[in-house]
Amino acid sequence: MALRPEPGMAEDTQDEAQQVESPQQAEGPRPRRRRPRWAREPQVEDLEDHGPPSWAVRKLRRSWGWLVLIGLLLAAYFMLFVPNYGWGGSALSTLLGLGAQLLFAAFFLIIQFGALFWFLGRARVYWLGPGETGVTFKDYRGNREVLDLADRVVILLRGVKKFKHMGGEAPKGVLLVGPPGTGKSYLAQAIATEAQVPFCYASAPSFQNMFFGVGNLRVMMIYAAARKKAREFGAAIVFIDEIDAIGMSRSAGGGMGGAGMMGGMFGGGGMGLLNELLLQMDPPNVEHGWLPRLLRTLGLRRGRAKNDPVLTIGATNLPEVLDQALLRPGRFDHKITVDAPDLDGRKDVLGFYLEKVQHDADFPVDRAAADTIGYTPAMIRHVVNEGVVYAHFSGRDSVGYEDFTRAREGYEWGLRQPIRTMSLEDRRRLAYHEAGHAVAQYLLLPSDRMIKVTIIRHGQALGLAATKPLEERYTRSRDEIFAEIQCALASRAAEELFLGQKLSGVVQDLTDATRLAAAAIGWLGMDGSLYSARAFGEMVPDAHTKRRIERILDEQLTSVKGLLASHRTFVHQVAEGLLDRHELSGDEVDTIAARLGIRPGMGATTAGVAVASAAVAPAAGTLPVMGSRTEGSGEGPPANQP
């Protein structure tokens, strides 16, 4: 009976087929002796019957030769270098003493380095048990759509087993993107409370360390603790704030964040830290606990390993610098944009924080919400708290709208600091400077309302003329942008018309006007050309571009000069009011305009001035935020302009 050839004998069989047949071969193939099972590689039928060999068996098969060689070297050492070597007790005692010393030295080194790395590997994180954050979805206000998506994540975390039984996988990461103060960490705490799972707060810069590998160790320790808590509570959340500090793109060189120049043991590790984070967020299916690993090593546990559900929530306001491997599905499965609230959201946030303080019963929440366009929840909370401070030091027991307004103005414009020693000539110059701004804004911006005109110093501005939009706007037309250029240049126009000289307080005005003109042509395609300088990162204009920007500014300056000259009386009365009372409210400016028969927006039709077409690279910076507009007078910009 012929034996069935084994796998691995195919080459031998082909060689035999190529040989000349012999009389013995005519009778059939010669039977080959099977190697014993311990001397051959495991075959498919062996794996089916007995399973794959254990880790210990594989290690012995690979390293038995090295063990024999090490044993021979040790025997030769004792025979050649140990005095009085023999089979007596002195050689044995010497061998035991040397072995004990080696074991003690190894144990001492292990303890020393283990303690050192345990101390360095302890990242500054804060673990909170289920429900200990004290923040729920009821406490998060201003953005209902964000809560709807967060509620889905909570439902999946609560029902991980049921969701996996359906064939789905629990989300592994949620990236919160938004400007500072929009409540990203607040939302992460609310998710942990609603899901009733442990919550870990970690700051990304705390992972960085001067020693190579310590940051990786910190990441591993945090996720090891998270998986341990997930086995106990069903899931866990790791929140990493400012994740861009360690998650910057490696292709742009940002992955080397925290790298030093010394190399070796010191510095470096930035890219390795990001790689470790990528691995921990989407780990392979391996056992993480010591007991499961031991059982699998001994062959007592089979089947596919399962990872414990750990949700990573990252927060950043620079999503464009993050590495693409970090943003892929399987790591950050969901991306939630947390932006500043709209009008309804601000009403909700204001009502929430006003409930926590004593306030007047007739506090106008709608008007306060209209005054805070562009504000984040953190800004609103700060202004409400400052309003309480103003009310307290004014001797009142509740917060009124006046207190709120003083707090808002202090936040936007800076500390009110009157200069009592300012000369009459300087005050006259400031008065006409700000009167030019105020009149231009009143006539050219019909969608804005005047808030205040003042020649009292606030922060870095010696004076200012501030407006607020009547409603939120998300787009601007060409005429509106050119009108804003004229409002910025109105200060220089008023100085030349009414004072006959050019003053030094137009630094920020010229900056804003130049930026708007360059953006309208080079970015927004509002001058006959669709070329976008932003596509190529052109930030510094060439000589031709500068001439084009200068021509736009000159034409807008000429237009606003004509506008102020035709409303000369309006400018004089506003300036005289500033010299008399140092500041005018929006209602007082409206009274002056009504007395002269002037309506808001009467000069808006003169804002758009045609300019020849050319592609222009924008100046450094971006378009100003479409919130409150403040035209300041001084050597620097107004402070804290939102």
Practice problem: Could you please give the count of residues in segment 469-486 that are more than 25 Å from Thr558 (Cα to Cα) and crowded, with 17+ Cβ neighbours inside 10 Å? | Solution: 1
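Table: residues versus (1) open to solvent by 50 Å² or more (accessible area, probe 1.4 Å); (2) touching a strand residue (DSSP E or B) at 6+ places or on another chain (Cβ under 7 Å).
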| position | (1), (2) |
| --- | --- |
| Arg492 | no, yes |
| Lys502 | yes, no |
| Val506 | no, no |
| Ala543 | yes, no |
| Lys546 | yes, no |
| Gly562 | no, no |
| Arg568 | yes, no |
Quiz item: If you check every pair at least six apart or on different chains, which have Cβ atoms under 9 Å apart with a residue in segment 524-543 that is within 24 Å of Ser477 (Cα to Cα) first and a residue that is exposed (fewer than 13 other Cβ atoms within 10 Å of the Cβ) second?
Solution: Met526/Ser477; Asp527/Ala610; Asp527/Ala612; Gly528/Ala612; Met539/Ala620
Quiz item: So is Arg428 open to solvent by 20 Å² or more (accessible area, probe 1.4 Å), touching a strand residue (DSSP E or B) at 6+ places or on another chain (Cβ under 6 Å) and of a type in the set (Lys, Arg) or not?
Solution: no
Quiz item: With segment 211-309 as the region, which helices (runs of 4 or more DSSP H) entirely inside it contain at least 1 residues that are small (Gly, Ala, Ser) and either at pLDDT below 80 or surrounded by fewer than 15 Cβ atoms within 10 Å (Cβ to Cβ) (or both)?
Solution: 214-233, 270-281
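Answer with yes or no whether Val439 is modelled with pLDDT of 95 or more, over 30 Å from Val507 (Cβ atoms), surrounded by 15 or more Cβ atoms within 10 Å (Cβ to Cβ) and out of contact with any strand residue (DSSP E or B) (no Cβ under 7 Å at 6 or more places or on another chain).
Taking the combined requirement at face value, the residue does not satisfy it.
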Self-check item: Residue count, segment 340-362 (criterion: assigned to a helix (DSSP H, G or I) and either within 12 Å of Arg381 (Cβ to Cβ) or open to solvent by less than 40 Å² (accessible area, probe 1.4 Å) (or both))
Solution: 8
Quiz prompt | Within segment 375-456, helices (runs of 4 or more DSSP H) holding 3 or more residues that are in contact (Cβ under 8 Å) with a residue 60 or more places away in the chain and farther than 30 Å from Ile598 by Cα | solution = 377-393
Quiz item: Residues of segment 137-156 being in contact with a Pro (Cβ under 7 Å, 6 or more places away or on another chain) and open to solvent by less than 10 Å² (accessible area, probe 1.4 Å), which ones?
Solution: Val153
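Suppose we keep only residues that are in contact with a Ser or Thr (Cβ under 8 Å, 6 or more places away or on another chain) and surrounded by fewer than 18 Cβ atoms within 10 Å (Cβ to Cβ) within segment 373-392. Which one would you say is modelled with the highest pLDDT? Before you say what the answer is, go through the steps one by one.
First pass over segment 373-392, keeping only residues in contact with a Ser or Thr (Cβ under 8 Å, 6 or more places away or on another chain): 373-374, 376-380, 383, 391.
If we keep only those that are surrounded by fewer than 18 Cβ atoms within 10 Å (Cβ to Cβ) as well, we get 374, 378.
On the way: Gly374: 91, Ala378: 94.
Step by step, filter segment 373-392, then rank; the result is Ala378.
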Quiz item: Would you say Thr622 is modelled with pLDDT of 95 or more and either within 41 Å of the chain's Cα centre (by Cα) or surrounded by fewer than 17 Cβ atoms within 10 Å (Cβ to Cβ) (or both)?
Solution: no
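The values are calculated or read from the model by the stated rules, or taken from the named source; none is laboratory data. This one's a predicted model, so the numbers in the text were calculated from it and none came from an experiment. Please note: Cβ atoms are built from the backbone with ideal geometry, for glycine as well, and neighbour counts cover all protein chains shown. Heavy atoms of the whole protein, side chains included, go into the accessibility calculation; ligands, DNA and RNA do not. Shrake-Rupley method; radii C 1.70, N 1.55, O 1.52, S 1.80 Å.
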